[in-house]
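Novice: Below you will find the structure I want to go over with you.
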Amino acid sequence: MKAFNLHQRFFLVLITIGMVYVLGFFFSFFVILGHALLVLCIVLLVVDTLFLYGQKVGISAQRILPEKLSNGDDNWVKLDIKNHYFFRISTQIIDEIPFQFQKRDFLIERMLSAGKNVLLNYNLQPKERGEYHFGSLNIFVQSPLKLVSRKYIFQKDDMLKTYPSFVHLRKYELMALQNEFLMGGLKKIRKLGHTLEFEQIKEYVQGDDIRTINWKATSKRNQLMVNQYQDEKSQRIYLLIDKGRSMQMPFNGMSLLDYSINASMALSHIILKKGDRAGMMTFSKKMENSVAADNKSGQLKKISEALYNIQTEFYESDYNRLYQDVKMGINQRSLVMLFTNFETLDGLQRQLKYLRGIAKNHLLVVIFFKNSELQNLMQKKPENLEETYDKIIAEKFDFEKKLIIQELKKYGILSLYTLPENLSLEAINQYLEIKARGMI
């Protein structure tokens, strides 16, 4: 597809010729010069047009997109452009990127030698999940004369899906390995208990639980035999994500919900690498997007698909319903990591009885967020009375968060209080520490 455009230089030339004609009112020589320049301009315009349009395909171009976009990360887009003309060309490249990025000044200018191609890169950083639609890849080409510009259009209406952050999964895996070395003093204690993972049948010794007697084996051996169990080698870890209105709060262009989803993706990757079973659920008015804990191949993709299109619901989350759904849906003791946000102690108190109910049957970790803007206010030295009041209020809110941690600790509920940008790494460290201490 092509379009004829007059370049800016052509109009500058016409303005110059017009000024020569103005001088012709005073000096007749300039009239003759103006005629000559006008004829020369028309000739050059025709020559330039023939140069650009005399060749059917002057350039070829391709937009090379990744398979999918990673939310909150740098995603590189490549442009492969080749010059088929026999002369050097100037190009202006305007790629119509998705409206979500709100970039209206996208422009790349490049010179291309005859017969050469160039590979250009630019990066996009999406801030929300969903579908991203690209428009046309527009390239304006000029010859060295730069009087005419020929427009080429390529690859109209490409679409990419943006998934929870996945490009740094390998980085988090290496960080997790490094942190395990730093936790060298924390050793998992192998315990015998009543779990569903059977280990062996052994002879009864004094002190063994008589409830584990295997009567069939006892009758065959003519002596008491008992079943021996061990802690399950593959633990169940469930990630519960609150998508109520408190998770809509934005930090650096991303909502707390998106930070939680990205952290869940990274944490699920580490859980599966450790041989444990990763599962997830989201909740607001009811439990949704549930993925049962498992460690089969394809589990990470299943979790990614479930997280892909989750949106914040502008309701107060129903923790009573959450407690009921967890009680019915998770029937074995598991590590439950709850991504939510409590701004005040009163907000926690309203939901505490339901959290305590979950903690009776599972190891519960409540993950909530530091307000980075409040942290900046507390660290800033006040210069006037207004800034002093702001700092005092910020310290009050921060103290309220610390009271929330103490209240949870009082009932044996673990907590993680972190900045949104540190969430993924802090959540992974919390999981590794719990695992190293043998708490599940």
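The values are calculated or read from the model by the stated rules, or taken from the named source; none is laboratory data. In this text, all values refer to a predicted model and were calculated from it rather than measured experimentally. Heads up, the Cβs are rebuilt from the backbone with ideal geometry, glycines too, and the neighbour counts pull from every protein chain shown. Surface accessibility is based on the protein's heavy atoms, side chains included, excluding ligands, DNA and RNA. Shrake-Rupley method; radii C 1.70, N 1.55, O 1.52, S 1.80 Å.
Novice: Send over a whole-number figure in Å² for the accessible area per residue of the chain, probe 1.4 Å.
Specialist: With the other protein chains kept in place, the chain gives 55 Å² per residue.
Novice: Right, another one. Hey, got a sec? Which chymotrypsin sites (Phe, Trp or Tyr not before Pro) in the stretch 24-77 land in a DSSP loop and have at most 16 other Cβ atoms within 10 Å?
Specialist: Those that pass, being in a loop and sparsely packed, are F25, F26, F27.
Novice: If you roll a 1.4 angstrom probe over the protein chains with everything in place, what fraction of the accessible area of the chain belongs to carbon and sulfur, to the nearest %?
Specialist: Result for the chain: 55 percent of the exposed heavy-atom area is carbon or sulfur.
Novice: Ignoring ligands, DNA and RNA, how do M19, M287, M265 rank by accessible area with a 1.4 Å probe, largest first?
Specialist: Heavy-atom accessible area, descending, gives M19, M287, M265.
Novice: Oh, and also: Which value, in debye to the nearest 20, gives the size of the charge dipole of the chain about its Cα centre, when Lys and Arg are +1 and Asp and Glu are -1 at the Cβ?
Specialist: 1320
Novice: Mind checking the full-extension length gain between D208 and L419? Use 0.36 nm per residue of separation minus the Cα-Cα distance, one decimal, nm.
Specialist: Here the segment from D208 to L419 would lengthen by 71.2 nm.
Novice: Checking the table K286/K327; K161/K296; K56/K161; K171/K302; K353/K435; K402/K435 against a 23 Å threshold on Cα-Cα, which pairs fail?
Specialist: In this structure, K161/K296; K56/K161; K353/K435; K402/K435 exceed 23 Å between Cα atoms.
Novice: Need one value: the accessible area of I405 in square angstrom, 1.4 angstrom probe, rounded to the nearest 10.
Specialist: We get 40 Å² for I405.
Novice: Taking a probe of 1.4 angstrom, what is the accessible area of T16 in Å², to the nearest 10?
Specialist: Accessible area of T16: about 80 Å².
Novice: Here is a further query. Given 0.36 nm per residue, what is the gain on full extension from M159 to Q332 after removing their alpha carbon distance, in nm?
Specialist: That works out to 58.1 nm of additional length.
Novice: Mind checking which lysines have their C-alpha under 26 Å from K216, skipping anything on the same chain fewer than 8 residues away?
Specialist: The reachable lysines, counting only those whose Cα sits under 26 Å from K216, are K191, K202.
Novice: Which FRET efficiency value, to the nearest 0.05, is calculated for N376 and N252 with the Förster distance at 22 angstrom and r the Cβ-Cβ distance?
Specialist: 0.95
Novice: Separate question: Under 18 Å between alpha carbons, and skipping anything fewer than 8 positions from K274 in its own chain: which aspartates and glutamates qualify?
Specialist: Counting by Cα, and skipping residues close in sequence, K274 has these aspartates and glutamates nearby: E173, E180, E197, D231, E232, D294, E426, E433.
Novice: Using a 1.4 angstrom probe on the protein heavy atoms only, line up D157, D48 by accessible area, largest first.
Specialist: The ordering from most to least exposed comes out as D157, D48.
Novice: Just from its helices, what would the mean residue ellipticity at 222 nm be for the chain, if runs of 4 or more DSSP H residues each count -39500 (n - 2.57) and the sum is divided by every residue, rounded to the nearest 500 deg cm²/dmol?
Specialist: Estimated from H runs of four or more residues: -12500 deg cm²/dmol.
Novice: Would you mind checking which residues have amide H under 5 Å from L69's amide H? H placed 1.01 Å from N; only 5 or more apart, or other chain.
Specialist: Counting only residues 5 or more places away or on other chains, the set is K161, T162, Y163.
Novice: Moving on. If you take the beta carbon distance between Q102 and F397 as r and set R0 to 30 Å, what does 1/(1 + (r/R0)^6) give as a FRET efficiency, to the nearest 0.05?
Specialist: That gives a FRET efficiency of 0.45.
Novice: Which residues make up the longest stretch of the chain that has no GluC sites (Glu not before Pro) in a DSSP loop with at most 14 other Cβ atoms within 10 Å?
Specialist: 68-196
Novice: Distance between Cα centroids, the stretch 9-46 to the stretch 84-110: provide it in whole Å.
Specialist: 33
Novice: Oh, and also: Would you kindly state how much longer the chain becomes between K216 and V31 on full extension, computed as 0.36 nm times their sequence separation minus their alpha carbon distance, in nm to one decimal?
Specialist: The span from K216 to V31 would gain 54.7 nm if fully extended.
Novice: Please pull out the direction-averaged projected area of the chain, using the convex hull of its alpha-carbon atoms, in nm² to one decimal place.
Specialist: 35.8
Novice: At R0 = 30 Å, how high is the FRET efficiency between E386 and E128 if r is their beta carbon distance? Nearest 0.05 is fine.
Specialist: 0.30
Novice: Which lysines does K381 reach when only Cα atoms under 20 Å apart count, and residues fewer than 8 places away in its own chain are ignored?
Specialist: Output for K381: K370, K391, K396.
Novice: Order D158, D346, most accessible first, counting only protein heavy atoms with a 1.4 angstrom probe.
Specialist: Sorted descending by solvent-accessible area, the residues read D346, D158.
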